[in-house]
Amino acid sequence: MNGVNQGDLYSYVVRAVVAPLWANKERSPYLKHYKRFLRTQYRPLEQVREDQWTRLKSLLDHAYAHTGFYRDRMDSLGITPADIRTWQDFERLPLLTKDDIRAHRDRMVADSIPSDRLFPKKTSGSTGVSLSFFVDEDSLQWKRGCALRHDEWTGWRLGERIGAVWGNPEYKKSWRGYVRNFLLERTTVLDTLRMDEDAMTMFHAQILKEKPPLLFGHAHSLYLFARFVQANNLSPIRPKGIISTAMVLHDFERALVEEVFGCKVTNRYGCEEVSLIACECEAHQGLHVNMDTLHFECLRDGKPAQAGETGAVVVTDLTNHGMPFIRYLVGDTARMAETPCACGRTYPRIASLEGRIADYVRTPEGEYISGISLTENFAMVLEGVKQMQIVQDELDHLLFRVVQGDGGRDQALRADIARLVRERFGTSMRHDVEYADSIQSETSGKYRFCVSKLDSAGMFGAGRP
Ligand SMILES: [Zn+2]
């Protein structure tokens, strides 16, 4: 019983009996995948890449043979999958944009996968328009096994309880869901769509009693819950690990969450379309790319980004044959780490996620400025501003949407903004200031500091050649 939380022996029952039986009943191979991923996570990088290459080649053959969209794409370049012999050859294929998916979704679906193996999915539309697509059953099982391995990088083990700060919990939608959650998934949820004081008080009491070793949630929601616990001086909650995902995790959010819950935050990055893209390990020095599921590229001006450079994230999902995503421009930006990780795993690491492409402001001279740092910076300098959002609607025009604090500083505030714009963007950038009563967060509950209305596929020169 070394290191065992004796209060939760049921977690052993789940791990050894319930989870395998359930997987057997559902004919779900995710536990087999998970065990293999556990064994192979310290392989040399060359082996990982060889594996990726084999699976990429079979994906390209499949996409050419079974989807009209990719066949047309390769035909228009005058090539077939047999002509793609190296990674450099592969990198000549055009990028896949969200607009491509909206325009050609049905022609991207493979004609060889039975429709009962295809699951429809949808993004929340945080960039303005939602996206609908399909993922096949085998891909979902693979990704579930992979995510489980990454969950355990926090110190949590399969079968143990989880406390989640998350929107719209799945299990509450049917009685089967309840039973499954009670016996197998063991997750207690604070619903972020109704995160008021009563809900947070109740969630805190439940977590205090159940002691889940893992807290899981959106970066900002975890931060809000931590702030609530701190402000109300509630009894300490001490999980083994915390997974923050679905949003950029700011340094100030990480610092407060770690302080309040007394453990490290594991930052995770993914998206609905391809699931988990990268995750921090026990070393917490950047996020390892999920090379078991994806081929990952970080591009600047259409080429791999250099050390220290921010680039656009481009992924190829090696597992979803139902609707292949080949060189998909996710819409986020990242900077890669150069040195190997202390944990011994060889998967490359993202040193930092720099936000969405659409969250960048571009200067007329072609520089990129991160909207988040800009708003934080401006808001610090400007007196009397409660909240601010910057909208870039043209290459040489910015709109500042401002919620005033005490008000009454109109002229001085306008003069301050004009000075900052001149300093940061030069004299060719025009701007306007607009007052608002409030700046709404989006329907997904995320708040955007900066909105670029410029063509995002063209940003970082990552547009189609
Ligand atoms: Zn590591």
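Tabulated data for the structure shown
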| quantity | calculated |
| --- | --- |
| Near pairs, Cβ below 8 angstrom, 6+ apart or cross-chain, from the range 259-275 (small (Gly, Ala, Ser)) to any residue that is in a strand (DSSP E or B) | Gly270/Thr245; Gly270/Leu276; Gly270/Ile277; Gly270/Ala278 |
| Neighbours by Cβ (under 6 Å, 6+ apart or cross-chain): first from the range 285-308, at positive phi; second open to solvent by less than 10 Å² (accessible area, probe 1.4 Å) and within 16 Å of the ligand (Cβ to nearest atom) | Gly286/Ile350 |
| Thr346 surrounded by fewer than 24 Cβ atoms within 10 Å (Cβ to Cβ), over 24 Å from Trp53 (Cβ atoms) and of a type in the set (Val, Ile, Thr) | no |
| The listed residue being more than 20 Å from the chain's Cα centre (by Cα), part of a loop (DSSP other than H, G, I, E, B) and within 16 Å of the ligand (Cβ to nearest atom), out of Gly322, Gly344 | Gly344 |
| Residues that are part of a strand (DSSP E or B) and aliphatic (A, V, I, L, M), drawn from the range 262-285 | Val265, Leu276, Ile277, Ala278 |
| Tally, over the range 165-176, of residues that are more than 19 Å from Gly217 (Cβ to Cβ) and touching a helix residue (DSSP H, G or I) at 6+ places or on another chain (Cβ under 6 Å) | 0 |
| Qualifying residue in the range 111-118 (condition: open to solvent by 60 Å² or more (accessible area, probe 1.4 Å), under 13 Å from Gly322 (Cα atoms), without any contact (Cβ under 8 Å) to a residue 60 or more places away in the chain and in contact with a helix residue (DSSP H, G or I) (Cβ under 6 Å, 6 or more places away or on another chain)) | yes |
| Only one of Asp100, Asp89 that is in a helix (DSSP H, G or I), within 24 Å of Cys298 (Cβ to Cβ), open to solvent by less than 40 Å² (accessible area, probe 1.4 Å) and modelled with pLDDT under 95 | Asp100 |
| Those residues of the range 126-183 which are of a type in the set (Phe, Trp, Tyr), in contact with a Gly (Cβ under 7 Å, 6 or more places away or on another chain) and more than 30 Å from Cys343 (Cβ to Cβ), in sequence order | Phe134, Tyr171 |
| Elements of type helices (runs of 4 or more DSSP H) in the range 1-75, at least 1 residues being among the β-branched types (Val, Ile, Thr) | 10-13, 30-40, 45-66 |
| Flag if Asp359 is within 18 Å of the chain's Cα centre (by Cα) and modelled with pLDDT of 95 or more | no |
| Among (1) within 30 Å of Pro94 (Cα to Cα); (2) among the acidic types (Asp, Glu); (3) without any contact (Cβ under 8 Å) to a residue 12 or more places away in the chain, the one test that Asp61 misses | (3) |
| The range 211-254, residues that are in contact with a strand residue (DSSP E or B) (Cβ under 9 Å, 6 or more places away or on another chain) and farther than 22 Å from Thr187 by Cα | Val248, Leu249, Glu253, Arg254 |
| Search result, residues across the range 259-280 that are more than 15 Å from the ligand (Cβ to nearest atom), closer than 20 Å to Cys341 by Cβ and of a type in the set (D, E, K, R) | none |
| Any hit, the range 281-300, residues being within 27 Å of Val135 (Cβ to Cβ), of a type in the set (Phe, Trp, Tyr) and more than 16 Å from the ligand (Cβ to nearest atom) | no |
| Residue check for Ser139: open to solvent by less than 70 Å² (accessible area, probe 1.4 Å) and at pLDDT below 95 | no |
| Test: Gln52 is out of contact with any Asp or Glu (no Cβ under 8 Å at 6 or more places or on another chain), open to solvent by 70 Å² or more (accessible area, probe 1.4 Å), under 19 Å from Asp317 (Cα atoms) and modelled with pLDDT of 95 or more | no |
| Among (1) open to solvent by 30 Å² or more (accessible area, probe 1.4 Å); (2) within 20 Å of the chain's Cα centre (by Cα), the one test that Gly145 misses | (1) |
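Matching residues to (1) of a type in the set (Phe, Trp, Tyr); (2) touching a helix residue (DSSP H, G or I) at 6+ places or on another chain (Cβ under 6 Å); (3) on the phi > 0 side of the Ramachandran plot:
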| site | (1), (2), (3) |
| --- | --- |
| Trp22 | yes, yes, no |
| Thr40 | no, no, no |
| Val48 | no, no, no |
| Leu60 | no, yes, no |
| Tyr70 | yes, yes, no |
| Asp75 | no, no, no |
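The values are calculated or read from the model by the stated rules, or taken from the named source; none is laboratory data. Because the structure is a prediction, the values reported are computed rather than measured. As a convention, Cβ positions derive from the backbone with ideal geometry for all residues, glycine included, and neighbour counts pool all protein chains shown. With ligands, DNA and RNA removed, areas are computed over all heavy atoms of the protein, side chains included. Shrake-Rupley method; radii C 1.70, N 1.55, O 1.52, S 1.80 Å.
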